[in-house]
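Undergrad: Below is the structure I would like to discuss, written out as structure tokens.
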Amino acid sequence: MNHSPESLDAIGALALRLARLAGEEMTAALTRPLDVAYKPTAPEEHELKDPVSDVDRAVEAVLRAEIEAAFPGHHILGEEFPNPPTTPGGYVWAIDPVDGTANFINGLPLFSGSIGVLRDGVPVAGALWCASSHALRAGVYHCIQGGPLLFDESPVTRRENLGVRRKLGGFRDASHRSPARWEPRRTGSAAIECAFVAAGLMEVAQFEKPNVWDVAAGVALVHATGGIALARGASGWEQVEGFQTADGDLRDWRRPLVVGMPGAAEALCEALG
């Protein structure tokens, strides 16, 4: 099939290729010692809270170069390099080369490479290479707006087991303090939890204050399977289709976020207050 340069099919195809590239780089890197540093943190946080590896920066550099070559008119918002003021207008690629870096540097297979594409602030494509999946192997969850959720180009069917009366929920504080309706889990990767909600492995997930690059691709995946995203604002929880900020700069979007299936997501927001 031929794609026009700006077609959503072409954008989705590049996102899929870049997610696979990120996964290949992460997989290869685990065969050698990693160069690890720690980003500055707020005084009240642990000084070793936010690790970064040489792979994070190297992969993001490659992803940025590929996007700029294919779509020079698009903007890029990434975790590891300085970003200019980024408005929601037009196309914005929100990328996180390694989401779940603490897991990655320790070899725990719960990390991902996240490629999300926004159009006027709305997620229209997402591709997430995940080290673990419903298929019990690494692979890429991906979608474009209006299309189904795919895993390595094959449709994903959400499995429902009616015998399971208490489903899983992703929570930052996976303890007895989590809402009692769900078995709490904490994976250490917001992107993976979004993918797991989309694939039906989790029913809901809660994120304290994610950046756009943490969840842009994941929200696209959740929407592809009929799920919803809700963000807390001044007047409470509200359903969001995309990302907007008061000052028009996507770098500043950091709001409490819940993703999940309709009914369950609203119930979680009610439980959180």
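The values are calculated or read from the model by the stated rules, or taken from the named source; none is laboratory data. Since the model is a prediction, treat every value here as computed from it, not as a measurement. Methodologically, a virtual Cβ is constructed for each residue, glycine included, from the backbone with ideal geometry; neighbour enumeration extends over all protein chains shown.
Undergrad: Determine if segment 119-142 includes at least one residue that is of a type in the set (S, T, N, Q) and part of a strand (DSSP E or B).
TA: No, every residue in segment 119-142 fails to be of a type in the set (S, T, N, Q) and part of a strand (DSSP E or B).
Undergrad: So which strands (runs of 3 or more DSSP E) stay within segment 1-81 end to end and still have 3 or more residues that are in contact (Cβ under 8 Å) with a residue 40 or more places away in the chain?
TA: Passing ranges, in order: 51-53.
Undergrad: Does Glu60 satisfy being within 25 Å of Leu221 (Cβ to Cβ), in contact with a strand residue (DSSP E or B) (Cβ under 6 Å, 6 or more places away or on another chain) and either surrounded by 14 or more Cβ atoms within 10 Å (Cβ to Cβ) or not assigned by TED's automatic domain parsing to the domain that holds Gly113 (or both)?
TA: Spelling it out, Glu60 is indeed within 25 Å of Leu221 (Cβ to Cβ), in contact with a strand residue (DSSP E or B) (Cβ under 6 Å, 6 or more places away or on another chain) and either surrounded by 14 or more Cβ atoms within 10 Å (Cβ to Cβ) or not assigned by TED's automatic domain parsing to the domain that holds Gly113 (or both).
Undergrad: Here's a follow-up. Run down Ala205, Ala217 and say which single residue is of a type in the set (Gly, Ala, Ser) and either surrounded by fewer than 22 Cβ atoms within 10 Å (Cβ to Cβ) or farther than 14 Å from Leu272 by Cα (or both).
TA: Ala217
Undergrad: Given the options Arg119, Arg137, Arg177, name the one that is at pLDDT 95 or above, charged (D, E, K, R) and more than 22 Å from Val55 (Cα to Cα).
TA: Exactly one residue qualifies, and that residue is Arg119.
Undergrad: Got a sec? Which of Glu270, Glu238 is surrounded by fewer than 18 Cβ atoms within 10 Å (Cβ to Cβ) and in a strand (DSSP E or B)?
TA: Step by step, each of Glu270, Glu238 is checked, and only Glu238 is surrounded by fewer than 18 Cβ atoms within 10 Å (Cβ to Cβ) and in a strand (DSSP E or B).
Undergrad: Separate question: Just checking, how many residues over segment 27-50 are touching a helix residue (DSSP H, G or I) at 6+ places or on another chain (Cβ under 6 Å) and farther than 26 Å from Leu16 by Cα?
TA: Number satisfying all stated conditions: 2.
Undergrad: Right, here's the next one. Need the failing condition index for Thr86 against (1) of a type in the set (Val, Ile, Thr); (2) assigned to a helix (DSSP H, G or I); (3) over 18 Å from the mean Cα position of the chain (by Cα); (4) surrounded by 20 or more Cβ atoms within 10 Å (Cβ to Cβ), just the number.
TA: Answer for Thr86: the failing condition is (2).
Undergrad: Moving on. Within segment 10-31, identify whether any single residue is loosely packed, with under 15 Cβ neighbours inside 10 Å, modelled with pLDDT under 95 and among the charged types (D, E, K, R), and answer yes or no.
TA: No.
Undergrad: Here are some residues: Trp213, Trp237. Which one is aromatic (Phe, Trp, Tyr), over 17 Å from Cys130 (Cβ atoms) and modelled with pLDDT of 95 or more?
TA: When all the criteria are applied, what remains is Trp237.
Undergrad: Could you list, in sequence order, the residues of segment 89-115 that are within 14 Å of Phe71 (Cβ to Cβ) and outside any loop (DSSP other than H, G, I, E, B)?
TA: Tyr91, Val92, Trp93, Ala94, Ile95, Ile115
Undergrad: Let me ask something else. Given Pro82, Pro88, Pro72, which one is farther than 22 Å from Glu193 by Cβ and touching a Gly at 6+ places or on another chain (Cβ under 6 Å)?
TA: Pro88
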